[in-house]
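A.B. asks: What follows is a structure written as structure tokens; I'll ask about it next.
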Amino acid sequence: MQAIRATLARGWFQVLIGGIVLFYMLNDVYQATGNPNFVPSLLVLGAFLVPVVLVLWAYEHPLPERIPPSAVVWNFLWGGALGVIIAGTLEYDTYRTLGFLPLLAVGLIEETAKLIVPLVFFLLWRYRSEMAGLLFGLASGMGFAALETLGYGFTALLASRGNIGLAEFVLLVRGFLSPAGHAAWTALVTATLWRERQHHGRAGLTRATLGTYLLAVALHTLWDTFQVMSTVTRIDWLGIEGVSAAIALLSIALLARRYREARRQAVAAASAISGSQRNGSPS
């Protein structure tokens, strides 16, 4: 019972429940009135609810250093927006130049674009813990995912000539999968980058960092490859969805492992600071 009360008191849980209620209220009003003015609100709320809740969940957990909310918001909004703008531009130029868009290029472009704002914080601000790196990467990846989902929802709405049900389905599926995609891949890289700086210095640029970045690109490329495959039979569809689910589960498992290690370091750092304060003598 105490755990239930603690969950109910959490900001992320309140935002989640409030967002779901608001989404269905907006949908009911739209269905009743047919007023298209409600459509933008439905799309924005549907695209941003899960990303905002996930970032808020991570931020509400104890951190080894004080990170102001503005730093997280900067990574979420600027990281996501700049990532979408730069990735969209480079992908368009690649398509126009080559006549096709290799899926590997998509993975390289998007995974690099999402790192721009976290790297600014890495180089210019004094946030040193691995948990800070994970949080910034998570925020940037979720901001990117929210804007991308909004675009896909809007495109589905236009392609279906105003079928709001199809747009809502796209928002639901992409929102549910977003933690296993953009958020996990970017957070894995930034957490490793911050950890390597703690352990080895050299601005965190080690084989482990490069390997994690290449892993994120590979997972992204595999995900896109199986998502664009055309299906012929139900067996084909089940096979493709099964592989996609395996990629998503692997991404979440890797992120969960990285998060647990970052939490252990955060607890150890907090205990060390507390111990030194207790043992210190007044001057």
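No value in this document is a laboratory result; all are computed from the given coordinates. Computed from a prediction, not measured in an experiment: that's the story for all the values here. Counting neighbours? That spans all protein chains shown, and the Cβs are built from the backbone with ideal geometry, glycine included.
A.B. asks: Between the alpha-carbon centers of the range 51-81 and the range 135-158, tell me the distance in whole angstrom.
C.D. replies: Here the two parts' Cα centres lie 16 Å apart.
A.B. asks: If you don't mind, another one. Remind me, relative contact order of the range 15-171 in percent, using alpha carbon pairs under 8 angstrom and six or more residues apart?
C.D. replies: On the way: 160 pairs, mean separation 50.1, N = 157.
That works out to 32 percent.
A.B. asks: As an exercise, use a Förster radius of 30 Å and the Cβ-Cβ distance of residue 22 and residue 264 to find the FRET efficiency, rounded to the nearest 0.05. Don't skip to the answer; put the middle values down first.
C.D. replies: On the way: r = 37 Å, r/R0 = 1.24.
About 0.20, to the nearest 0.05.
A.B. asks: Under the rule of -39500 (n - 2.57) per DSSP H run of 4 or more residues, summed and divided by the residues of the chain, what mean residue ellipticity at 222 nm is obtained, to the nearest 500 deg cm²/dmol?
C.D. replies: On the way: 12 runs with 229 residues, N = 283.
Roughly -27500 deg cm²/dmol at 222 nm, from the helical runs in the chain.
A.B. asks: For a footprinting-style exposure proxy, rank 67, 17 by other Cβ within 10 Å, fewest first.
C.D. replies: The order, fewest Cβ neighbours first, is 17, 67.
A.B. asks: Ranking 74, 185, 57, 125 by Cβ neighbours within 10 Å, fewest first, what do you get? If you can, show how the numbers build up before the last one.
C.D. replies: Working: 74 20, 185 27, 57 17, 125 13.
By the 10 Å Cβ count, ascending, the order reads 125, 57, 74, 185.
A.B. asks: Computed FRET efficiency, Cβ-Cβ of residue 4 and residue 169, R0 22 Å: what is it to the nearest 0.05?
C.D. replies: Working: r = 31 Å, r/R0 = 1.42.
Efficiency at R0 = 22 Å is approximately 0.10.
A.B. asks: Something else: Of 147, 210, 135, which is the most mobile in a GNM of the chain whose springs link Cα atoms less than 10 angstrom apart?
C.D. replies: Maximum among the listed residues: 210.
A.B. asks: In addition: Can you sort 136, 23 from fewest to most other Cβ atoms within 10 Å of each residue's own Cβ? Can you show the working numbers first?
C.D. replies: Working: 136 32, 23 18.
Ranking 136, 23 by Cβ neighbours within 10 Å, fewest first, gives 23, 136.
A.B. asks: Between 129, 140, 244, where does the largest GNM mean-square fluctuation fall for the chain, given springs only between Cα atoms within less than 10 Å?
C.D. replies: Of the options given, 244 has the highest mean-square fluctuation.
A.B. asks: GNM on the chain, C-alpha springs below 10 Å: top fluctuator among 163, 75, 35?
C.D. replies: It is 35.
A.B. asks: Ok, one more. Trypsin sites (Lys or Arg not before Pro) within the range 70-167: which are DSSP loop residues with at most 10 other Cβ atoms inside 10 Å? Intermediate results must be reported in sequence, preceding the final value.
C.D. replies: Numbers: sites: 96, 114, 126, 128, 161; in loops: 114, 126, 128, 161.
Passing both the DSSP loop test and the Cβ count: 126, 161.
A.B. asks: Going through the range 8-110, which GluC sites (Glu not before Pro) have at most 14 other Cβ atoms within 10 Å and a DSSP loop state? Present the calculation step by step, with values, prior to reporting the outcome.
C.D. replies: Values: sites: 60, 65, 91, 110; in loops: 65.
For GluC sites (Glu not before Pro) across the range 8-110 that sit outside H, G, I, E and B with at most 14 neighbouring Cβ atoms in 10 Å, the list reads 65.
A.B. asks: What net charge is computed for the residues neighbouring residue 257, neighbours being all others with C-beta under 15 Å from the C-beta of residue 257, Lys and Arg scored +1, Asp and Glu -1?
C.D. replies: On the way: positive: 195, 258, 260, 263, 264; negative: 130, 261.
So the surrounding residues net to +3.
A.B. asks: Okay, moving on. As I understand it, the value is the acute angle between the Cα axis of helix 103-113 and the longest principal axis of the Cα atoms of the chain; what does it come to in degrees, rounded to 10?
C.D. replies: Tilt of helix 103-113: around 50 degrees.
A.B. asks: If you put +1 on each Lys and Arg Cβ and -1 on each Asp and Glu Cβ, how big is the dipole of the chain around its Cα centre, in Debye rounded to 20?
C.D. replies: Working: 20 positive and 15 negative charges, 216 e Å.
Charge dipole, the chain, about its Cα centre: 1040 debye, nearest 20.
A.B. asks: Related question: Find the relative contact order for the chain and round it to a whole percent, using C-alpha pairs within less than 8 Å whose residues are 6+ positions apart.
C.D. replies: Numbers: 340 pairs, mean separation 56.9, N = 283.
Result for the chain is 20 percent.
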